[in-house]
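The values are calculated or read from the model by the stated rules, or taken from the named source; none is laboratory data. Keep in mind the model is a prediction, meaning the values are calculated, not measured. So basically every Cβ, Gly included, is an ideal-geometry build from the backbone, and we count neighbours across all protein chains shown.
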Amino acid sequence: MAGGGAMVRVESAAERDYRRRLVQIERRKRRVAGLQADVAALRLGLGRFAADYHARVGSLFAELDRIQLTIDEYGERIDRLRANRFLDVAGLEADIEERFAERRRRVEGEEAEAQGYEERRRAEADRPRLRAEDAAEAKRLYRDLARRYHPDLARTPEERERREAMMLRVNAAFRDRSLDALRALHRAGEVDDPGFDARSLADRLAWAAEEIARLGAMVADLHAELGVMRASDTHRLWVRSRDDPGSLETMVADVRHAVRKARGRMRETLATYRSLLDVRNAA
């Protein structure tokens, strides 16, 4: 070129378009990662609260249902004995067993569920608590790792498999509040973001358009998932307990009071049944 000037390559319109689309994709990836972190944090918070709530309140309701079942079973025995003082007790017990079998199974299921929540609650209590600044760092690291490794961002089946394996480790570290593990995963993956330069410009433009649409759909789905969780009864109770820390204690106290009253009714019912049996045996 005259004057010794260097040739300057002018970027084509298609290349500028592709570059703009890459910027859009990165923005949407960040948005997706942020929403995924919000979903994960909310799901974790709701899970902790649900475990605590059901372990404390659910177990009391299960006990209340067990007591009421006992009252109703013995109430049936009392009614039958009052109607016929010479009723065959063995036959009566068989009838009671059959009549209340389904309800007894439901109560046993409630008790098993409450026990499961109690175990989750104990496991949750054993996990470390993070300071506010460490919790914020954990969420930032999780967001960046989700942006980098989330399986839904994969371009090939092989890459999806690799991402799924990594996200299992990321999710476990976040769930266990292991800041050191999240830091280690973040450092290990700093040079592991896959490039995407092998295809033709036309192919990359087509891919970019599809990727922008797909990421937009992911953003909408994550917003919807957050909306569903925030509209749940569990979230309502969780927010109430945060705004009024004594509300859960009041609820627990109310149910415990109901349990104590039910126990009193059960003792009276059992005493009445034993009295009827004594009269029957003395006849």
Checklist entry - Within the stretch 249-268, is there a residue that is outside any helix (DSSP H, G or I), more than 30 Å from residue 23 (Cα to Cα), at pLDDT 85 or above and within 28 Å of the chain's Cα centre (by Cα)? => result no
Checklist entry - Within the stretch 17-31, is there a residue that is at pLDDT below 85, crowded, with 17+ Cβ neighbours inside 10 Å and under 30 Å from residue 225 (Cα atoms)? => result yes
Checklist outcome for this item: For the stretch 130-153 the number of residues that are assigned to a helix (DSSP H, G or I), of a type in the set (Lys, Arg) and farther than 13 Å from residue 166 by Cβ is 3
Checklist entry - Does residue 190 qualify as being exposed (fewer than 11 other Cβ atoms within 10 Å of the Cβ) and at pLDDT below 90? => result yes
Next on the checklist: Six or more apart or on different chains, Cβ atoms under 6 Å: show the pairs whose first residue is in the stretch 133-147 and within 13 Å of residue 170 (Cβ to Cβ) and whose second is surrounded by 14 or more Cβ atoms within 10 Å (Cβ to Cβ) and among the acidic types (Asp, Glu).
Outcome noted: none
Next on the checklist: Given (1) surrounded by 11 or more Cβ atoms within 10 Å (Cβ to Cβ); (2) modelled with pLDDT under 80, identify the lone condition not met by residue 110.
Outcome noted: (2)
Checklist outcome for this item: Within the stretch 269-283, the residues that are in contact (Cβ under 8 Å) with a residue 12 or more places away in the chain and assigned to a helix (DSSP H, G or I) are 269, 270, 272, 273, 276, 277, 279, 280
Checklist outcome for this item: Scanning the stretch 92-114 residue by residue, those touching a residue at least 24 places away in the same chain (Cβ under 8 Å) and closer than 23 Å to residue 48 by Cβ turn out to be 110, 111, 113, 114
Item to check | From the options 279, 228, residue that is under 30 Å from residue 61 (Cβ atoms) and aliphatic (A, V, I, L, M) | outcome: 228
Checklist entry - Out of all the residues in the stretch 117-126, is one or more among the aliphatic types (A, V, I, L, M) and more than 24 Å from the chain's Cα centre (by Cα)? => result no
